[in-house]
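This report concerns only the one structure given below.
Readers should treat all values here as calculations from the given coordinates under stated rules, not as data from a laboratory. Keep in mind it's a predicted model, so treat the numbers as computed, not measured. Quick reminder, even Gly has a Cβ in these numbers, built from the backbone with ideal geometry, and neighbours come from all protein chains shown.
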Amino acid sequence: MTDPSLTQGRNADQESDRALMTNNEIMALISDWMKPRNLGEPSENSTFADAGFDSLDSAELTFYLKDKLGIEIDETVLYNHPTFAALIRYVKERL
């Protein structure tokens, strides 16, 4: 049987680690997701349209980030934050 306080401590450590993520680390997560989909090479100031994203890519990236980071992200985030830099700022606010 697992001690609930140990599980809570591990979850708090994971949340703390996520909160300290740098822009480059978040960008690396996004890049790792993009590579197998043959989307363009991202830079923080480029737009998702520049990288070849379509609406399905936008939704899938949102779900990926939710899963990887354990945070709530609105599915329309890429429309409201159309550059990689804007998305990274949005994500960091929620970590």
Notebook entry, point to check: Which whole-Hz couplings ³J(HN,Hα) result when phi for each residue of segment 85-95 is put into the Karplus expression 6.51 cos²θ - 1.76 cosθ + 1.60, θ = phi - 60°, listed in order with x for Gly and Pro?
Noted result: 4, 5, 5, 4, 4, 4, 5, 4, 5, 9, 6
Next item on the list: Could you tell me whether segment 51-95 comes out rounded, prolate or oblate from its Cα gyration tensor? Rule is a ≥ b ≥ c as square roots of the eigenvalues, rounded for a/c under 1.5, then prolate if a/b exceeds b/c, otherwise oblate.
Entry: oblate
Next item on the list: Report, in cubic angstrom per residue, the convex hull volume of the C-alpha atoms of segment 18-95.
Entry: 76 Å³
Note to self: For a Förster distance of 25 Å, can you work out the FRET efficiency between the beta-carbons of E93 and W33, rounded to the nearest 0.05?
What the structure shows: 0.80
Margin query: Quick check: pseudo-label points 7 Å beyond the Cα along Cα→Cβ at K66 and N24, how many nm apart are they?
Written below: 3.1 nm
